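Peer 1: The structure follows.
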Amino acid sequence: MAIVVRGLRLGVPYHQLWEKAKNGDDFARGFLSIMVPYESHEAARAIVPSLVEKTLKAAAKSEKFNGAEDVVFYACRYLANDNRCGVYEDRPQFCRDYPDSPFLVMASGCAFEGWSNQCRTKFKAMEAEVDTLQELQASLNALQTYELSSNECTTDTNSKFK
Ligand code: SF4
């Protein structure tokens, strides 16, 4: 059986999502066409306890947090046993739109996770570049300060000997 824990939607409890889907909301329909909610946090916790704990802790810090019952964990019905997307070529628009989605936790191997990892790697590389640029800027500033003070020194010295 594929192991999946993903999906956190704060502020829109499951029953409201159903209502929206019934009223023709595209996002809600797309979401519920692929996601099946776990019966309880305990059920999700039994699969990946650390992710559930981490997610609940993060959710509790959110301004939108109304209570643990608003946090729902979902399993994707299309995640294959090899932990890859079973319908990748035909995956729903909802999945193609990632990261513009409410997912915070993704299953290993899911297309979402691949994208997320790529973003994380790029972000780290950019952070490293920013650090390097800041160090260069600091060195440049120090050099300019040194040059300025040496010029002042030279000017002072010249004026004393006139
Ligand atoms: S990309 Fe595939 S495995 Fe991932 S959530 Fe969508 S349908 Fe499921």
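Peer 1: Could you please let me know if Phe73 is in contact with a His (Cβ under 8 Å, 6 or more places away or on another chain), in contact (Cβ under 8 Å) with a residue 60 or more places away in the chain and closer than 14 Å to Pro13 by Cβ?
Peer 2: Criteria met by Phe73.
Peer 1: Taking region 49-82 on its own, how many of its residues are within 17 Å of Met35 (Cα to Cα), within 16 Å of the ligand (Cβ to nearest atom) and of a type in the set (A, V, I, L, M, F, W, C)?
Peer 2: 6
Peer 1: Scan region 41-56 and report the pairs whose first residue is more than 15 Å from Ala75 (Cβ to Cβ) and whose second residue is loosely packed, with under 14 Cβ neighbours inside 10 Å, with Cβ atoms within less than 7 Å and a gap of 6+ or a chain change.
Peer 2: Leu56/Ala68
Peer 1: Looking at region 53-78, which of its residues are crowded, with 18+ Cβ neighbours inside 10 Å and either closer than 19 Å to Ala28 by Cα or of a type outside the set (A, V, I, L, M) (or both)?
Peer 2: Listed by number, the residues that qualify are Thr55, Asp70, Val71, Val72, Phe73, Tyr74, Ala75, Cys76, Tyr78.
Peer 1: Among what's in region 22-32 and is within 18 Å of Phe73 (Cβ to Cβ) and free of Cβ contacts under 8 Å to residues at least 60 places away in the same chain, pick the residue that is farthest from the ligand (Cβ to nearest atom).
Peer 2: Looking at the filtered set, the residue picked out is Ala28.
Peer 1: Right, next: Take Leu143 and decide whether it is of a type outside the set (Asp, Glu), surrounded by 10 or more Cβ atoms within 10 Å (Cβ to Cβ) and modelled with pLDDT of 70 or more.
Peer 2: yes
The values are calculated or read from the model by the stated rules, or taken from the named source; none is laboratory data. Note that the structure is predicted; figures quoted are calculated from it, not measured. Glycine also receives a Cβ, built like all others from the backbone with ideal geometry; neighbour counts cover every protein chain displayed.
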